[in-house]
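A.B. asks: Have a look at the structure that comes next, please.
The values are calculated or read from the model by the stated rules, or taken from the named source; none is laboratory data. Note that the structure is predicted; figures quoted are calculated from it, not measured. Please note: Cβ atoms are built from the backbone with ideal geometry, for glycine as well, and neighbour counts cover all protein chains shown. For the accessible areas, the whole protein counts, side chains as well, though only heavy atoms, and no ligand, DNA or RNA atoms are used. Shrake-Rupley method; radii C 1.70, N 1.55, O 1.52, S 1.80 Å.
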Amino acid sequence: GGGVIKAKDVVCTVTRKGLKIGIKGSEAMVLDGELWGEVVQDDAMWSLEEKRFVQVAMDKRKKTWWKTVLVGGEEIDTQKVDSTCQLEDYDQGTQAAINKVMFDEHQKRQGLPTSDELSQQDLLRKAWDAEGSPFKGQPFDPSAVNF
């Protein structure tokens, strides 16, 4: 009931899909529920704040918005959440994929070749004058080749 507690008296268990918080020696759990989604249980941490509040930090397995923390809890409308992220918030692989899509969209709008088409042309240009090529010595013209 809202009194002062010590961290050593707190019981906090995080599983892949569950969260339990209680006080040692007490039968009933203060919190015992199923999480809305899955978390990385090995990375979960908790701390005692102001000798009264247990703060739990968990990493979600999938970066999605949860309607609630615990199943059965009060839900929010995830469609109303501002879920815009800065490009820097993503890992390098995701940043590269986003940049490629943006580049390709820009190229298409300008009527220019996409990154895949450019790398295809690059390969073709190298093979154009290669030994044994029927095009060797002729000016480079990618339209002469059908894919």
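A.B. asks: Between Ser115 and Arg52, what is 0.36 nm times their sequence separation minus the Cα-Cα distance? Round to one decimal in nm.
C.D. replies: Values: separation 63, 0.36 × 63 = 22.68 nm, distance 5.64 nm.
Working it through step by step, the gained length comes to 17.0 nm.
A.B. asks: Could you grab the relative contact order for the chain? Cα pairs under 8 Å, six or more apart, rounded to a whole percent. Could the numbers behind the result be given before it?
C.D. replies: Working: 150 pairs, mean separation 17.5, N = 147.
Once normalised by length, the contact order is 12 percent.
A.B. asks: Probe of 1.4 angstrom, ligands and nucleic acids ignored: what's the accessible area per residue over the chain, in square angstrom? Let's see the in-between values first.
C.D. replies: Working: 11520 Å² over 147 residues.
Accessible area per residue, the chain: 78 Å².
A.B. asks: Remind me, what semi-axes does the chain give for its equivalent ellipsoid, largest first in whole Å, using sqrt of 5 times each Cα gyration tensor eigenvalue?
C.D. replies: Working: eigenvalues 714, 55, 31 Å².
Semi-axis lengths for the chain are 60, 17, 12 Å.
A.B. asks: Then there is this: Straight distance only, please: which lysines reach the Cα of Lys8 with their own Cα at less than 28 Å, same-chain residues fewer than 8 apart left out?
C.D. replies: Straight-line reach from Lys8, under 28 Å: Lys17, Lys20, Lys24, Lys51, Lys60.
A.B. asks: Extension gain Asp43-Leu31, at 0.36 nm per residue separation less the Cα-Cα distance, in nm?
C.D. replies: On the way: separation 12, 0.36 × 12 = 4.32 nm, distance 1.97 nm.
So the extension gain works out to 2.4 nm.
A.B. asks: Separation between the Lys126 and Phe140 pseudo-spin-labels, each 7 Å from Cα along Cα→Cβ, expressed in nm?
C.D. replies: For Lys126 paired with Phe140, the spin-label model returns 1.2 nm.
A.B. asks: What is the gain in length, in nm to one decimal, between Glu105 and Gln92 on full extension, counting 0.36 nm per residue of separation less the C-alpha to C-alpha distance? Provide the component values of the computation, followed by the final result.
C.D. replies: On the way: separation 13, 0.36 × 13 = 4.68 nm, distance 1.99 nm.
Length difference between fully extended and current span is 2.7 nm.
A.B. asks: At a 1.4 Å probe, what is the % contribution of carbon and sulfur to the accessible area of the chain?
C.D. replies: Working: 5870 of 11520 Å².
Its accessible area is 51 percent carbon and sulfur atoms.
A.B. asks: Using alpha carbons only, how many degrees (0 to 90, rounded to 10) separate the axis of helix 115-128 from the longest principal axis of the chain?
C.D. replies: The angle comes out near 40 degrees.
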